[in-house]
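Report on the structure given below.
The values are calculated or read from the model by the stated rules, or taken from the named source; none is laboratory data. This is a predicted model, so every value here is computed, not measured. Please note: Cβ atoms are built from the backbone with ideal geometry, for glycine as well, and neighbour counts cover all protein chains shown. For the accessible areas, the whole protein counts, side chains as well, though only heavy atoms, and no ligand, DNA or RNA atoms are used. Shrake-Rupley method; radii C 1.70, N 1.55, O 1.52, S 1.80 Å.
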Amino acid sequence: YGWRAFAVAIIFTEWPFAIVANTLFVVCFYWTVGLNSLSDRIGYFYILYVTFGLFALSLGQAIASFVPNDMIAAMVNPIFTAFITLVCGVTIPYALMPKFFSAWLYWLSPFMYFIEGLITNDLHGSKVQCHPEELYTFEPPSNMTCNEYAGQWVQSATGYINNPDDSSACKFCPYSVGDEFYRTLNWSFSHRWRNFGILFGFIAFNIAFTMLMIRVYKVNKR
């Protein structure tokens, strides 16, 4: 076979299995954990999850294309996976990340675009209702209700006062809608389709890299 046919066959013959496997996972997972039930949110979760599954597959193929054997691949792969998870903004939030990482490594993590897409897709517009153990308690000055004491501040911040008319043991929830949570992570609902497109860009890069490595290393060893 020509090297191009060989490379294309290696890359794309696994796609149908990956799509079916990721589809089965979404069907089993999505409604089990109770994610957002709006149809457009379900659809976006599905296509983004399948796309990330194809990215993971293409990354594995890209690594396999230049390493000599599976033992070396097992040692090289964690380097890439550790990189994309450590600088994606979850382990270390963007605001707390050292400038060296937030300036460019953060933006090179495919996992960041995947996680941002999933979280903002599910939480956008969702009302937050804190459990009793999640509420912060504070005492207002005498002769003042919770709303009179902290209401103006809450309007300019995030969250809500659970008992605004009480004059003692005020209960405060730090978030009133899901958007208030992910904004602290430098994420936005408006980035959903941008993230989807960027993930496809990473897949295209992995495919091009895999084909190049097959041409350079594998063909010359035949």
Problem - In Å², nearest 10: area of residue 65 left accessible to a 1.4 Å probe - result: 10
Exercise for the section: Return, in residue-number order, each cysteine of the chain whose C-beta is not under 4.7 Å from any other cysteine's C-beta. Expected result: 28, 88
Problem - Approximate spin-label separation residue 10-residue 108, in nm, with each point projected 7 Å along Cα-to-Cβ - result: 2.4
Exercise for the section: Describe numerically, in nm with one decimal, the distance between label points set 7 Å from Cα along Cα→Cβ at residue 157 and at residue 27. Expected result: 4.7
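For residue 180 and residue 3, what does the FRET efficiency come to when R0 = 41 Å and r is the distance between their Cβ atoms, rounded to the nearest 0.05?
Details: r = 53 Å, r/R0 = 1.28.
With a Förster radius of 41 Å, E is 0.20.
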Completion exercise
If amide H atoms are modeled at 1.01 Å from N in the peptide plane, then the residues at a separation of 5 or more from residue 177, or on another chain, having amide H under 5 Å from its own are 128, 159
Practice task
Would you kindly find the accessible area of residue 79, with a 1.4 Å probe and non-protein molecules such as ligands, DNA and RNA excluded, rounding to the nearest 10 Å²?
Solution key: 110
Practice task
Do me a favour and compute the ellipsoid semi-axes for the range 69-118 from its Cα gyration tensor, root of five times each eigenvalue, largest one first, whole Å.
Solution key: 23, 12, 8
Practice task
Please list 213, 112 in order of solvent-accessible area, largest first, computed with a 1.4 Å probe with all protein chains present.
Solution key: 213, 112
Practice task
Per DSSP H run of n ≥ 4, the term is -39500 (n - 2.57); total these for the chain, divide by its residue number, and report the mean residue ellipticity at 222 nm rounded to 500 deg cm²/dmol.
Solution key: -18500 deg cm²/dmol
